[in-house]
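Take a look at the structure below.
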Amino acid sequence: MPEQTNLDLSPIGNCAATALIDRRGRFVWACYPRIDGEPVFSALLEPACGGSEEAGFWSVEMADVNETTQAYIRNTAVLRTEMRDRHGAVVEVIDFAPRLHHLNRTYKPWAFYRLIRPVSGTPRIRIRMAPTGNWGRDLGAATYGSSHIRYECGPAVMRLTTNAPLTYLREDQTFRLEGPLGFHLGPDEPYPNDVLTDAEHMLRATIAYWQGWVRTLTIPLEWQEAVIRAAITLKLCSYDDTGAIVAAMTTSIPEAANTGRNWDYRYCWIRDAYYVVRALNRLGAADMLESYLVYLRNLTDQAAGGHVQPLYSVSLQSDLTERIAPDMTGYRGMGPVRVGNQAYEHHQHDVYGQMILPLTQSFFDARFLRVGTVADFHALEKVGDRAFAVYDKPDAGLWEFRTIARVHTYSALLCWAACDRLANVALSLGLKDRSSFWSKRAGIIRKAIEEKAWNEKLGIFTGSFGGEEVDASLLQLFELGFLPADDPRCVATFKECERQLRKGDNFYRYVEPDDFGEPETAFNFCTFWYIEALHLMGRTEEARELFEAMLARRTHSGLLSEDVKVDTGELWGNFPQTYSLVGLITCAVLLSRPWTTVR
């Protein structure tokens, strides 16, 4: 029987191809031809086509293995797995997706390289590859050439080129590893070069790329390794071709066991991406921010002042119809596995602010290759018009309720931020009349929030106009500059959120029942919001202690998923979750001792 699946996984990628590799060095998740495509390695979600046997993986198995260790090559997305057998023989497996500068552009194909090297002794290994197609319905059909294997995986067709003996691969045979082996997995195209030489060259160039990118980051004094790993992983969640940033690499990892809270996160949420670029901006990663702004400007043109969805595909496709993949059993057998996300149909009014806030920076940041123009501002005004029109209208909110509609305070807050930032931009462009116009609109929304979201009886801001409930997004009232953290109303609201939503070292999104009942897990990003709020409230030592507790919760690869089971500390939800990594970076920057303490 296969071992129980878990989220102790390591992502590799190049901003075009991504894969998740487990502690045994097996590819267990990768989609083709892009991150929101069909999984060709699908073992993570237990495809039905395997029957009693496992399917959807690519493994290197060592005979008589006694110990396996795994780590990234320093400051890269290159993963090294080392296996040691009972006789002292050692083999290393290096996995990466090539990314390098070539001919004045970035080379980043949908491709993976795998290098297998004997380190000591005479290791005996078996290489197995069992990709799947049609969302777990079929095993990939293999056709063998002289030095390659062609896999038909439904609509996806791949080619594995190698200097390894194909007979052993074909028969799943164990053999002696007496020299290095190179593998290239990519589209079904002839591979004209020596694969081992290429793999070694691509490895050196890819390491150089990642280590060079990390050197451009401005990092805090403390927790550097955690911040660097989070930053690299956030970059892996971006899609270079369009600038989109996905919420996670996976679909349908349950938020909690057997709850049906299984969602497809392989799309670009405007909200999530806003927080990603905001966190990376703290590190000076202008390249990702600028690329995402291109995506947003295209979205601004596409929306033309009309409705903006909460999420789009990485190519800005709007139809993300949700369906069930019947031939995927699901993570630990906990289906359903969903493809697409019904949230694209929602009205979530905070998106208008989350479009405007990132684009605002282009009018003020001298680093950018393309600075904001008056024409850009006028295009953004259409988004602002929409924000002002809907700020006091019911929506599904940032928690994406499927059957609950309210005027959510967070949505109104972001609509206020949209108008407030447009006033700032107009002033910077010398458009005083437009600045006054947007300031007045921001003032109208501010007045509505202060009157309608404030519950006089409870003495707190509530999660919706006229409501009594609280949720974690209320912590954003002072983080976004709506009110100072020491405002008595903020202090009272913070204390009530803390009383209701904190459970040990965790912070819930909300505790009231939703479409699926009461939440069973805490949302990691909300715990980071809470840590940030503790710091702003002057409780910095407590914030640092809680931050360390969150760091201890990470996988061996230094990452987090969306949720955590409070009583066991087990990670649940899609992985790696950009929200969670954003929180890690933001809190590390806020809480770290300054560099001036050591230099």
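The values are calculated or read from the model by the stated rules, or taken from the named source; none is laboratory data. If you're wondering where the values come from, they're calculated on a predicted model, not measured in any experiment. All Cβ positions, even for glycine, are placed from backbone atoms using ideal geometry, and neighbour counts span all protein chains on display. To get the accessible areas, we keep the full protein, side chains included, count just its heavy atoms, and leave off ligands, DNA and RNA. Shrake-Rupley method; radii C 1.70, N 1.55, O 1.52, S 1.80 Å.
Observations
- In order along region 315-329, phi translates into HN-Hα couplings of 9, 6, 5, 9, 8, 10, 3, 8, 9, 9, 8, x, 9, 10, 5 Hz, rounded to whole numbers, per the Karplus curve 6.51 cos²θ - 1.76 cosθ + 1.60 with θ = phi - 60° and x for Gly and Pro.
- Computed from Cα atoms, the angle from the helix 524-536 axis to the main principal axis of the chain rounds to 50 degrees.
- For residue 464, distant residues with modelled amide H under 5 Å away: 409, 469
- Accessible surface calculations at 1.4 Å, restricted to protein heavy atoms, place region 79-128 at 42 Å² per residue.
- Overall, the anisotropy analysis places region 1-128 in the oblate class: the square-rooted eigenvalues a ≥ b ≥ c of its C-alpha gyration tensor yield a/c not less than 1.5, with a/b not exceeding b/c.
- The Cα atoms of region 368-502 cover 46, 35, 29 Å along the three principal axes, with the biggest extent listed first.
- Restricting the calculation to alpha carbons of region 226-333 gives Rg and Dmax of 15.4, 44 angstrom.
- When nucleic acids and ligands are ignored and a 1.4 Å probe is applied, residue 159 ends up with an accessible area of around 40 Å².
- Note: relative contact order over region 171-304, using C-alpha pairs below 8 Å and six or more positions apart, is 19 percent.
- The smallest convex shape that holds all Cα atoms of region 1-45, its convex hull, gives 73 Å³ per residue.
- For the chain, the longest principal axis of the C-alpha atoms and the axis of helix 409-428 are separated by about 80°.
- Over the chain, relative contact order from alpha-carbon pairs under 8 Å, at least 6 apart, %: 12 percent
- Neighbour net charge for residue 428 - beta-carbon separation under 13 angstrom, K R +1, D E -1: +1
- Helix-derived mean residue ellipticity, 222 nm - over the chain, DSSP H n ≥ 4, -39500 (n - 2.57), to 500: -10500 deg cm²/dmol
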